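Some notes on the structure that comes next.
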Amino acid sequence: MAEILESSARSAINLLRVREELGPVLAEYRNNHLRNSSGYVTHTDFPNINAAIRLAARECRREVLTSQPGGARSAAVLGESLPSTLDMLDRGVTMKTIYQHNARSGSATRDFVRAIQERGAQVATLDENFDRLIIFDRTVAFIPADDDRRAAAEIRAPAMVSFLVALFERSWIRAVPFTPPGRDRATTRITDDLELAIMRHIVAGDTDTVTAGQLGISVRRCQEYVARMSAKLGSRSRAQLGYLIAKSGMLDNVAEEGTPDSSP
């Protein structure tokens, strides 16, 4: 009886050891099976998401395209991503990154941008809202898979990746090259872009909270813009401000400037 129990114990230990050794292999098999069948894998929890992105970054050889919303980023997050970013750039990988305009206000973000620009990266900002996107070598892309961004989709289907690349390139064309704050032409344009974007939200009836969230700025900063516009146009209420902006034709002029000339 003792021999049987001892033999059973040894078998159980061996099974656990085999399961532990084969666990990563089975996980990789499942991922490869999903990639080959649908070109779509979901990673949950930040450690798993970051591990998948780091693996793709190490395999990247030609190009990386990234969109990073949410304004200025924390020094901790930027410090963690800097070594792998510099490693890609040192391998000759080209890089384009888009932030929201408000990212220029963060000293940590400016330091990060300066460091990667010195290695050849291109960085620009937009006034509009967009979601997080990372594309490596135009063959694999990562996008959020849920609203709270605790899950990410790894996409390898060529048609889907091509669509995301085209989406990024359209945003890149509209973006303003990242420069340090100052009264230069880029800063002036960014200020103008933000004001116009806030005007559009006011006319649409959006609250300061919604507007700030869409543009990646603080609610307080949004309120400061609204107060200046109200003083400038002589408005005494938000509803009146929206009416005065729409009546002024300022947004109509912007739309006309952005419309291609259809004449021969």
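Observations, loosely collected:
- Pick from the range 196-213, criterion part of a helix (DSSP H, G or I) and small (Gly, Ala, Ser), ranking: farthest from residue 243 (Cα to Cα): 213
- Filter result (farther than 16 Å from residue 53 by Cβ and either at pLDDT 90 or above or out of contact with any strand residue (DSSP E or B) (no Cβ under 9 Å at 6 or more places or on another chain) (or both)) within the range 64-78: 74, 75, 76
- Failed criterion for residue 128 (all others in (1) open to solvent by 80 Å² or more (accessible area, probe 1.4 Å); (2) acidic (Asp, Glu); (3) touching a residue at least 24 places away in the same chain (Cβ under 8 Å) hold): (1)
- Residues considered: 85, 66. Of these, the only one that is of a type in the set (Val, Ile, Thr), open to solvent by 10 Å² or more (accessible area, probe 1.4 Å) and touching a Ser or Thr at 6+ places or on another chain (Cβ under 7 Å) is 66.
- For the range 142-166, the set of residues classified as open to solvent by less than 40 Å² (accessible area, probe 1.4 Å), touching a helix residue (DSSP H, G or I) at 6+ places or on another chain (Cβ under 8 Å) and either at pLDDT 95 or above or among the β-branched types (Val, Ile, Thr) (or both) consists of 142, 155, listed by residue number.
- Every residue from the range 57-98 that is out of contact with any helix residue (DSSP H, G or I) (no Cβ under 7 Å at 6 or more places or on another chain) and outside any helix (DSSP H, G or I): 61, 62, 63, 66, 68, 69, 70, 91, 92, 93, 94, 97
- Exactly one residue out of 136, 130 is at pLDDT 95 or above, within 18 Å of residue 96 (Cα to Cα) and touching a strand residue (DSSP E or B) at 6+ places or on another chain (Cβ under 9 Å), and it is 136.
- Residue 54 being basic (Lys, Arg), without any contact (Cβ under 8 Å) to a residue 40 or more places away in the chain, farther than 22 Å from residue 170 by Cβ and not in a helix (DSSP H, G or I): no
This table checks each residue for (1) closer than 25 Å to residue 196 by Cβ; (2) under 15 Å from the mean Cα position of the chain (by Cα).
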position	(1), (2)
112	no, no
132	yes, yes
143	no, yes
148	no, yes
164	no, yes
168	yes, yes
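The values are calculated or read from the model by the stated rules, or taken from the named source; none is laboratory data. Predicted model, so just to flag it, every value in this text is computed and none were measured. Because the Cβ atoms are built from the backbone with ideal geometry, glycine has one as well, and the counts that use them run over all protein chains shown. Remember, those area values only see protein heavy atoms, side chains included, never the ligands or the DNA or RNA. Shrake-Rupley method; radii C 1.70, N 1.55, O 1.52, S 1.80 Å.
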